[in-house]
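The values are calculated or read from the model by the stated rules, or taken from the named source; none is laboratory data. From a predicted model like this one, the values you see are computed outputs, not experimental measurements. Every residue, glycine among them, receives a Cβ derived from its backbone with ideal geometry; neighbour counts consider all protein chains shown. For accessibility, only protein heavy atoms count, side chains too; no ligands or nucleic acids. Shrake-Rupley method; radii C 1.70, N 1.55, O 1.52, S 1.80 Å.
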Amino acid sequence: MKHSDFDIIVVGGGHAGVEAALAIARMGKTSALLTMDKTKLALMSCNPAIGGLGKSHIVKEIDALGGVMGQAIDATGIQFRKLNLSRGPAVWATRAQADRIGYNKFICDFVAAQSKVTVIEATAGDILTEQGRVSGIRTEDGQTILAPAVIICSGTFLGGLIHIGDKQIPSGRRGEKGAYKLSQSFRSLGFEVGRLKTGTPPRLDGKTIDYSKCEAQPGLEPPPFFSYRSKPREIKQVPCHLTYTTVATKEIILANLKKSAMFSGQIHSRGPRYCPSIEDKIYRFSDKPRQHIFLEPEGNGTDEIYPNGFSTSLPADVQHDAIRTVIGLENVEMTQAGYAIEYDYCPSYQIKPSLETHRLPGLFLAGQINGTSGYEEAAGLGLIAGINAVLYLQNEPAFIPNRAESYLGVMLDDLVSHSTTEPYRMFTSRAEYRLRLREDNARDRMIEYARRYSLIPEDDYRSFEVLQKQTRAAIAMLEKKYIAVSQLDGYAEYFVKRQSISLADILKIPGVEYKYIAKFLDNGDRIDNEILERASVAIKYSGYISKQEREVEKFRRSESQKIPADLPFEKLTGLRNEAREKFARFRPTSLGQASRIEGVTVGDIAALSIHVRKFTAQRS
Amino acid sequence: MDSHTQDYCRETIAAIITPPGEGGLGAIRIAGPDSAKILNSLFKPAHDPESIAGYFILRYGYIIDSHGDTVDEVTAVMMPAGRSYTGQEQAEIFCHGGQFVLKRILKEIIDRGARLAEPGEFTRRAFLAGRIDLTKAEAVADMVAAKTAFAYESAKNNLMGLFSEKINSLREQVIDILAEIEASVDYPEEDIETADRDEMIAKIGNIISLVGELAASYRSGRIIKEGFRIAVAGRPNAGKSSLFNALLNQSRAIVAPVPGTTRDYLTEWIDLEGIAVSLTDTAGLRESQGVIEKSGQDAARQIMKDSNLIIWIADASRKNFASEIEIDLKKLEGLCPVKVILNKIDKLSLKRLKAAKMIARGYSAVVISCKTREGLDNLRSKLVSLVSGSLPDLTDGLVVTSERHKQKLDLALESLKQAESDFKQNQSPEIIAFNLRQSINEIDEISGRIYNEEILDRIFEKFCIGK
């Protein structure tokens, strides 16, 4: 083995690459973080916000595993909100507007302070291999960097092509150059490379917006933070504004539809259905009189505004005319045109749940290269790839959280079990065990992993242990403490035949929160609000969680039926052709995973399980 | 995984698929990867012996054994994998319908490497190959086991996919509501127009009544599949055995539709206008003396409890039979419906007969004489209407005939009802969605289907979503 320059090379300094390099450092290994511009780490290339449904859950899981994203947004957020407050704690979601530049600067400083991460300004050109394993990276300018593990987090840079109307500009992100040689390197290594598309709206000059015609959306006080490490503090919150398109918007866009890169046939690749362009929305739902647009500030020191909902690939002049028909934007000036961007990705059947590629040991892929979209999804995958690259070096089993314990697990499993036809984004509805996977219990779910892989300081682990113990005590107290039903104002109807009722039972009434029962606690029972809230939510869900326990058990059982990695899927007899092809393509690692591959039937799984048993028996 | 599926992948199986006994024609099926090889090695076409077998072409020729001797003249057909009943490469041989010749051909096939198929194994392979879903696989067994017109009609409905269509449509309806809820949960900032609360409650209510009806139909379904059970009971010497025999002689006897129903005491099956009906004579249990009497009584009671109908026969020639009936019926309360029969009217004077008929009217009882056979035809037609009255009209409805389906439907129903009441109580959507998902899981277990991403697809189809 040749001398290596670093333990691990991370290619790409976006949200995925940064979390990967930092996780590697926390686990005591060195990394080279290759980026084209070291002042642009974790840049927010699209909307200036972190969190939202499903995504905030991922941020909290990242935070529980010691990641930086939560701390960065807490330090640089300019508006914090809680979504879905009327819809139950499992689907509550935190969302924050970021100071785009501040966020990027926070991350740059954070990475600079980490001595085990070496940031190198270069563009990766070739993935180097030695004896069938990855051995390093050769940069476009010919420099060779050696490491036994490499993580590629190429974002939209890999073969990036920007479309504005009929104009096509090879580019990785907003005026930066793309990575084209690396794309070729993937192909020559035998990887299948596909194309995906995403889009971004034009940016606006806030000084030219008439906010009096828009509806202000203030932040929540006190601001809900993401990270367990963030202490409560006051911040000056900036409002977002809600406004609407008009009939004139519709007319302009429909008249110019053919000029849109998406409609002219210039773009063939699939974009995300959940994030359609404005022309797509108006075309497909033409009976809708108006579309709403959120005006989101890009930061404290700038007037730039991000019009959320107006993503487009129309020519710049049409964008200009169309956006001026939006209420309040009649005299607006664009600071930058919206665009669609196509980029290369590696369809995710080529990775294992550890994010290591099947084809090339030591090569890990994270972020948009796996077909995902979103900063949070990318950061989560980066973190997991970082952890697993270290475990790979140490010859230890990979870290693969499962669907029943985290959104990270849901995402990993979805990626390795489904063909990506559009950029993958997290939704809470993807999680079948959603009631277990809440923001409030992210640390409970992740803490043991955080400790096992030394991702958080031992002190953090100890203090959380105390918190868990106090929560358990609080739950026991709430179950034992009874009050007279007559004391309940408004909720007595739920307990008609009862004289007295435990505080725990009161908490199970829809809509009752910990604040309501706090007044029934005597001085002796009084507990800290954080603990009371944790205990209350746990009690609220306990019934549903035990109801689902049988299913979770079934799930765990089928997950534990492992499929040997060297099972010759291509040669299995007695399977339907479609099933054999799917198995050979996705190479499932457990029968549970195999059963979630699309188009696979119960019969296919039965047949596969026979092969697995025969294969295992023959080998032993 | 049970042993039947063990060798699904590699082994070729064969079996005689026509019933035992003599017939004009007998058939043997071979399924599995070596089907063509085996058929070609023992079949010699009569014309153009060198020709290669084409799929789905019925060829005429001879079965030649390993010594070169001709076993029988036959026709044979080959089917390719993916286009046969089992989904595997498959061959069928039609020979003369004698057991000896069938067994000789089967032996030749086994000698060439096939294994004797287990009961139901061809259908199991069809299921494993994804040719049919679970409900259809189950219907195949029902169809084969069908002894009566009702059982046949119901199995046919399931086999034609009516049941799976119904299940799928229920599932679709639940997913539709779920999509509305999930859209509102996952896109709180979008101004999507989902159905309003009352409309959704009404939709769930509608699904609940559909699932409820289906689950309730098992009461009839069980009768169709397992037969209608009648217990013949009464006091000692009231004429139970005479009535039992009289009823048997009136109808065509059949074999039991489900195994394991024979007991120590006398049970016989008859076909009563297309419905399998079992008659159990509780005589000989209660009458026996000594230590077993108590257990005999318990057993008789258990039989009555498991029945769909009790025929309680009373001796009308006894002085105080009316008050005896009164006492006996009290004891039978809560077991199952009772039809009272007054026997031995041949022994009555005209005056007492008139009085007996008056009493009979009070119980809607039938008066008969097993001895003279008077009233037996009337009793039979009463029984026919009682039995068929317990069954639905199969032309306009589906009937659940499997206990497994019934259990899953009940569980789905429970979750749906919970979702409905949660809706009414303004429970949070995540909880309502939880219960709807539970109900989908139960429904999916009926057809053996695996959950996928349909909900998201539905959301994107229906709503204008996105930033």
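Things to note:
- Accessible area buried between chains B and A, both sides summed, probe 1.4 Å, in Å² to nearest 100: 4900
- Peptide A:429-435 is shielded by partner chain Cβ atoms: per residue, an average of 5 of them sit within 10 Å of its Cβ.
- Taking the DSSP beta bridges with both ends in chain B, the antiparallel portion is around 65 percent.
- Ligands, DNA and RNA are left out, and with a 1.4 angstrom probe the accessible area of chain B is 46 Å² per residue.
- Low-density loop cleavage sites - trypsin sites (Lys or Arg not before Pro) in region A:155-259, where at most 16 other Cβ are within 10 Å (DSSP): A:Arg174, A:Lys177, A:Arg229, A:Arg233, A:Lys236
- Within the accessible surface of region B:3-132, defined with a 1.4 Å probe on protein heavy atoms only, the carbon and sulfur portion equals 55 percent.
- Figure note: A:Phe583, B:Phe127 ranked by solvent-accessible area, largest first, 1.4 Å probe, ligands and nucleic acids not counted: B:Phe127, A:Phe583.
- Secondary structure note: in chain A, about 75% of the DSSP beta bridges are antiparallel.
- Rolling a 1.4 Å probe over the protein heavy atoms gives chain A an accessible area of 38 Å² per residue.
- Each Cα pair under 8 Å and six or more residues apart adds its sequence gap; the mean of these over the residue count of chain A is a relative contact order of 16 percent.
- Restricting region A:257-300 to chymotrypsin sites (Phe, Trp or Tyr not before Pro) in coil, as DSSP defines it, with at most 16 other Cβ within 10 Å: A:Phe285
- Of all lysines in the structure, the ones whose alpha carbon falls short of 21 Å from that of B:Lys103, not counting any fewer than 8 places away in one chain, are B:Lys37, B:Lys44.
- Size of chain A: Rg and Dmax of its alpha carbons, in Å, are 25.7, 81.
- For B:123-131, mean number of other protein chain Cβ atoms within 10 Å: 5
- Kirkwood analysis of the Cα pair distances in the protein assembly as shown returns a hydrodynamic radius of 34.5 Å.
- At least 20 Å² accessible surface lost relative to isolated chain, residues of region A:279-303 (1.4 Å probe): A:Lys281, A:Arg284, A:Phe285, A:Lys288, A:His292, A:Phe294
- Within 10 Å of the Cβ of each residue in A:596-607, the mean number of Cβ atoms contributed by other protein chains is 6.
- Cα-only radius of gyration and Dmax that characterise region B:3-132, units Å: 14.0, 42
- In loop segments of region A:537-620 as defined by DSSP, the GluC sites (Glu not before Pro) with at most 15 further C-beta atoms inside 10 Å of their C-beta are A:Glu598.
- Rounded to the nearest 5, the antiparallel percentage of DSSP beta bridges internal to the protein assembly as shown is 70%.
- Split the accessible area of region A:308-415 by element, probe 1.4 Å, and carbon with sulfur accounts for 47%.
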